[in-house]
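Shown next, in structure tokens, is the structure this report addresses.
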Amino acid sequence: MISNYTVTGMTCGRCSAHVTEEVSELDGVTGVNVNHETGAMVVESEDRLPFDAIIEAVSEAGDYTVVEV
């Protein structure tokens with residue numbers, strides 16, 4: 001399953017790397033692609049992930065906000 005999100009507050013490649021790392025650790029995630037310039041985040045997973053889990057993972061990465069697209 002592919003889910004699309006927008007993450008705000010990222011300013012550099014390290015920001016997107018931190019978000020990628022945290023979201024990748026969620027159970028069932030098979031791939032994450034984050035673009036800090038556009039804020040686009042694409043998450044591939046075995047099943048639909050609870051949005052609360054995405055919010056928590058992005059928050060663990062830093063002071064960022066995420067919305068479903």
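The values are calculated or read from the model by the stated rules, or taken from the named source; none is laboratory data. For clarity, every value in this text was computed on a predicted model and none was experimentally measured. Positions of Cβ are generated from backbone atoms using ideal geometry, with glycine treated the same way; all protein chains shown enter the neighbour counts. Keep in mind that these areas ignore ligands, DNA and RNA; they rest on the heavy atoms of the full protein, side chains included. Shrake-Rupley method; radii C 1.70, N 1.55, O 1.52, S 1.80 Å.
Brief remarks follow.
- Taking the 1.4 Å solvent-accessible surface of the chain as the whole, the part contributed by carbon and sulfur is 45%.
- Subtracting the Cα-Cα distance of ILE55 and THR38 from 0.36 nm times their residue separation leaves 4.3 nm of extension gain.
- Karplus-derived HN-Hα couplings along the stretch 54-69 (A = 6.51, B = -1.76, C = 1.60, θ = phi - 60°), whole Hz, x at Gly and Pro: 5, 4, 5, 5, 5, 5, 5, 6, x, 8, 10, 10, 10, 9, 6, 9
- Value of [θ]222 nm, deg cm²/dmol, for the chain, DSSP H segments ≥ 4, -39500 (n - 2.57) each, nearest 500: -10000 deg cm²/dmol
- Calculated FRET value between ARG14 and ARG48, using beta carbons and R₀ = 35 Å, to 0.05: 0.75
- Averaged over its residues, the chain has an accessible area of 60 Å² per residue, based on protein heavy atoms and a 1.4 Å probe.
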